[in-house]
Amino acid sequence: MSKRVCFSGNNQSISEIESYYNDTEQSLRMFFSTISPSYMIRFFSYTPCQISIELKERLEELDQTACLSVLSSIEAAFRIDYLQRTYLRTRDKLSVDLRHLHALNGSRASLDDILDIWRNNFPSLKSIISELKSAFNLRHWIAHGRYWKPKFGRKYDYQTIYTLALNIFSQITFVS
């Protein structure tokens with residue numbers, strides 16, 4: 001039997017990530033505006049177009065790092081639930097299937113396998129889990145340095161990922 005994972009409690013909720021995103025976005029917009037106390041020094045030799053371009057770049061980076069945080073939060077929720085169901089030995093079919101996976105892979109089970117078990121046990125979640133699996137391609141791309149041109153099949157941004165997270169957390173009851 002594998003060792004139990006000791007939970008850190010440091011995983012972020014999507015509401016914490018949303019607050020951080022909103023605060024940072026507002027801060028960036030203020031920093032790049034003429035009302036910022038450091039505006040004249042920071043942007044001394046910039047043209048208005050250069051300032052606008054740099055703000056856009058910073059906001060795009062914030063968008064991607066916030067997407068990474070939200071997707072990481074979703075993954076943490078599924079992994080904690082997976083381990084809790086294993087440790088608590090609950091008897092519902094989902095938990096039994098997850099325990100079987102744990103017997104094979106321990107705490108190192110792939111997220112895809114965990115999501116597949118959820119999808120198989122709750123056919124009504126098929127669409128949202130498929131959407132989530134596609135969104136994890138974005139996380140993979142960001143986490144691995146963004147060195148290739150991604151082919152996601154759709155455009156992902158913070159609002160899209162945040163809305164997906166809200167849908168997941170409203171439709172799925174995790175063991176806590």
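The values are calculated or read from the model by the stated rules, or taken from the named source; none is laboratory data. Only a predicted model underlies this, so the values are computations on that prediction, with no experimental measurement involved. So basically every Cβ, Gly included, is an ideal-geometry build from the backbone, and we count neighbours across all protein chains shown. Surface accessibility is based on the protein's heavy atoms, side chains included, excluding ligands, DNA and RNA. Shrake-Rupley method; radii C 1.70, N 1.55, O 1.52, S 1.80 Å.
If you check Ser52 against the conditions, is it within 29 Å of Gly145 (Cβ to Cβ) and at pLDDT 95 or above? Walk me through it before giving the result.
On the way: within 29 Å of Gly145 (Cβ to Cβ): yes; at pLDDT 95 or above: yes.
Yes.
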Q) Residue check, Ser127 against (1) over 23 Å from the mean Cα position of the chain (by Cα); (2) within 17 Å of Phe169 (Cβ to Cβ), all met but one. Which one? A) (1)
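Would you point out the residue of segment 1-54, among those that are among the hydrophobic types (A, V, I, L, M, F, W, C) and under 24 Å from the mean Cα position of the chain (by Cα), that is surrounded by the fewest Cβ atoms within 10 Å (Cβ to Cβ)?
First, pick out the residues of segment 1-54 that are among the hydrophobic types (A, V, I, L, M, F, W, C): 1, 5-7, 14, 17, 28, 30-32, 35, 40-41, 43-44, 49, 51, 53.
Retained after the next criterion (residues that are under 24 Å from the mean Cα position of the chain (by Cα)): 5-7, 14, 17, 28.
Details: Val5: 15, Cys6: 6, Phe7: 12, Ile14: 19, Ile17: 22, Leu28: 16.
Ranking the candidates gives Cys6 first.
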Q: Within segment 137-163, track down each residue that is within 15 Å of the chain's Cα centre (by Cα), in a loop (DSSP other than H, G, I, E, B) and among the hydroxyl-bearing types (Ser, Thr, Tyr).
A: Tyr156
Q. If you scan segment 89-110, which residues turn out to be surrounded by fewer than 17 Cβ atoms within 10 Å (Cβ to Cβ), part of a loop (DSSP other than H, G, I, E, B) and of a type in the set (Gly, Ala, Ser)?
A. Ser110
Q.
Can you tell me which condition Leu138 does not meet? The list is (1) buried (at least 18 other Cβ atoms within 10 Å of the Cβ); (2) free of Cβ contacts under 8 Å to residues at least 60 places away in the same chain; (3) not hydroxyl-bearing (Ser, Thr, Tyr), and all the others hold.
A. (2)
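Looking for something touching a residue at least 60 places away in the same chain (Cβ under 8 Å) and out of contact with any Gly (no Cβ under 7 Å at 6 or more places or on another chain) - is there at least one such residue anywhere in segment 118-127?
Within segment 118-127, the subset touching a residue at least 60 places away in the same chain (Cβ under 8 Å) is none.
Taking every residue of segment 118-127 in turn, none turns out to be touching a residue at least 60 places away in the same chain (Cβ under 8 Å) and out of contact with any Gly (no Cβ under 7 Å at 6 or more places or on another chain).
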Q.
Is it the case, given these coordinates, that Thr86 is in contact (Cβ under 8 Å) with a residue 12 or more places away in the chain, outside any helix (DSSP H, G or I), open to solvent by less than 70 Å² (accessible area, probe 1.4 Å) and closer than 24 Å to Phe7 by Cβ?
A. no
(Q) Taking the condition of being open to solvent by 40 Å² or more (accessible area, probe 1.4 Å) and either part of a loop (DSSP other than H, G, I, E, B) or not small (Gly, Ala, Ser) (or both), how many residues in segment 164-176 meet it? (A) 7
